[in-house]
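The values are calculated or read from the model by the stated rules, or taken from the named source; none is laboratory data. Owing to the predicted nature of the structure, the values given are computational and were not obtained by experimental measurement. Note that each Cβ is placed from the backbone with ideal geometry, even for glycine, and that neighbours are counted across all protein chains shown. Heavy atoms of the whole protein, side chains included, go into the accessibility calculation; ligands, DNA and RNA do not. Shrake-Rupley method; radii C 1.70, N 1.55, O 1.52, S 1.80 Å.
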Amino acid sequence: MANLRITMTRMHYGLNFIILIIVSSIYGNHTLDSGKASKNSSSGSSSPSSNATANEPLAALSLIPDEEIAHFVNQSRITTCKFSQPDVRLQWRNPRNTIISDTKGRVHIEEIAGSLLLVFESIVRADQGSWTCEADTGGTVLKKSFKMIVNEPISFRDTSTVQTATEDKDATIRCEVRGHPEPSVSWYFNGQPLFPPNTKYTALADGLLVKKVSKNDSGEYTCKAFQVSSSGSSFEEKTIRLNIKHRPYFQKPRGGYSWGNVTYGYVGGAVNLTCDAVAEPPATFTWSSNNKKFSHKNHIIYNGSHVSMLQIVIKNSTVFGKYKCEAKNELGTISREIQLREGTKPDPPSRFQLRGVNSDTLDIDVGATKSHDVDPDHSTIIGYRFEMIPTEEFAKHRKWERAHRRDFDVEDGVTYLLVHLIPDTRYLIRVAARNAAGLSDWTEVKEFTTHPLQPHGFNSGAAGPDTSAFLFLRLLTALGSILLSTVVKLKF
């Protein structure tokens, strides 16, 4: 028991207090009793003059615990100072040599059974240093100290997970890392490491400086902090989304065919004029023609995320002409002129027949051809639209608006797969061709039926090829189309 030592960290103060009183009392009594027993056992061989000295306990100042212990901020600790002789005044001094006299508060003292307890209810960084207990024996002052080491875990202060910068200006991505010992910090952009300082990035005490940002600097920045201390190591990271405020930019036209700022339509049809402009904050769109602005009351205008679409019903040739789209935000304004020209209404597909069928797929041939020698013009067929509806559903509602729609781009010699259908179901299907001016009239409606579910996969029907031959034929067709397209590209 003489070598009993107690280390207390991160325990509830009330429990610390009770246990420490019990253990300190046992430890103290044991020390005094064992001292007396030892001296009495040797008294038989001692001289009378030495008996008087042996009857007096040795002056000893002890701390429990007395070793150096690393704590984290907000933890608690109790250290007991005990003197071997009674009626000796004890006192505690902090690292600034100030006597602790408070009996309540974050750091205070409590006197219990001749011991003086130093109580830390919540440790802070300023508590680091040597704390000393003094015993005044009446002319001689005995001292004993312990060293308090206070570590602060990694934390991120004033660090928002979404931050904003302005285009063409320097920006600081705030990531203020706190901790003791001081953590080392590294930066990543969209998962790739950055190595500041360089011409683009500079590491700061409270973040990362990005010079002359552009919209390409928008993305996720990760601030990684690593800390090594006497009690171990730790790692934390913070991911920050950087949004770049920038003026509007027009996006490239979507799809494989483009006629610049020219759109085609035909009398009796309808056309959608589209304006794609990415901006931060998002742009507001306005449409006009002949210096007259369009409103939602008199025109059909759809606005989405970074896009606006003006739908025009072409009742007569006076509708053709120039239309202007304007995109504006707080950082700038851009505009684009779109010419609506009269085009040719395409003819419907001349071929419309079933090539194969299984339980959830119909393979349709519409005689698709694609010229590789001549650039497409506004009259070239560039795709097909299929509409399909179960026969029973159409019989109930008599509306094609309830039909499912599938759009395909044209490819030379290919057939089109209508997938994810219901097994053993009759479908009404129609097709229209598409060119730059719009859609053709619909073909006649045809009815096709999917097969019941079968464990052996694809069944092309009695009139068609068997499964293996059919799949092999489809594979050859696809490979031939790819090889032909590659040869043409290499040639030109």
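List pairs: first residue in the stretch 331-356 and under 30 Å from Ala279 (Cα atoms), second residue open to solvent by 70 Å² or more (accessible area, probe 1.4 Å) and assigned to a strand (DSSP E or B) anywhere in the structure, Cβ distance under 7 angstrom, at least six positions apart or on different chains.
Leu331/Arg247; Gly332/Arg247; Ser335/Lys324; Glu337/Lys322; Glu337/Lys324; Gln339/Lys322
Please return the ranges of strands (runs of 3 or more DSSP E) entirely within the stretch 274-362 where 1 or more residues are closer than 30 Å to Ser218 by Cβ and open to solvent by less than 60 Å² (accessible area, probe 1.4 Å).
284-289, 300-304, 307-313, 321-329, 332-342
Just a yes or no: is a residue in the stretch 154-175 in contact with a Ser or Thr (Cβ under 7 Å, 6 or more places away or on another chain), assigned to a strand (DSSP E or B) and closer than 30 Å to Pro281 by Cα?
Checking the stretch 154-175: at least one residue is in contact with a Ser or Thr (Cβ under 7 Å, 6 or more places away or on another chain), assigned to a strand (DSSP E or B) and closer than 30 Å to Pro281 by Cα.
What's the number of the condition Arg178 fails, among (1) open to solvent by 50 Å² or more (accessible area, probe 1.4 Å); (2) within 30 Å of Leu331 (Cβ to Cβ); (3) part of a strand (DSSP E or B)?
(2)
Take the stretch 113-155 and flag every residue that is loosely packed, with under 15 Cβ neighbours inside 10 Å and more than 30 Å from Glu236 (Cβ to Cβ).
Residues satisfying the conditions are Ala113, Ser130, Asp136, Thr137, Gly138, Gly139, Thr140, Val141, Lys143.
Out of the residues in the stretch 363-402 that are over 41 Å from the mean Cα position of the chain (by Cα) and part of a helix (DSSP H, G or I), state the one that is modelled with the lowest pLDDT.
Of everything passing the filter in the stretch 363-402, His397 is modelled with the lowest pLDDT.
Restricting the first residue to the stretch 90-105 and requiring it to be in contact (Cβ under 8 Å) with a residue 24 or more places away in the chain, which pairs with a second residue that is open to solvent by 30 Å² or more (accessible area, probe 1.4 Å) and of a type outside the set (Val, Ile, Thr) meet a Cβ separation below 7 Å and a spacing of at least six or different chains?
Pro95/Ser130
Please pick out the residue among Phe235, Phe195 that is open to solvent by 60 Å² or more (accessible area, probe 1.4 Å), in a loop (DSSP other than H, G, I, E, B), more than 21 Å from Glu280 (Cα to Cα) and not polar (S, T, N, Q).
Working: Phe235 fails: in a loop (DSSP other than H, G, I, E, B).
Being open to solvent by 60 Å² or more (accessible area, probe 1.4 Å), in a loop (DSSP other than H, G, I, E, B), more than 21 Å from Glu280 (Cα to Cα) and not polar (S, T, N, Q) holds for just one of Phe235, Phe195, which is Phe195.
Please enumerate the residues belonging to the stretch 90-112 that are touching a Ser or Thr at 6+ places or on another chain (Cβ under 9 Å) and open to solvent by 70 Å² or more (accessible area, probe 1.4 Å).
Asn97, Arg106, Glu111, listed by residue number.
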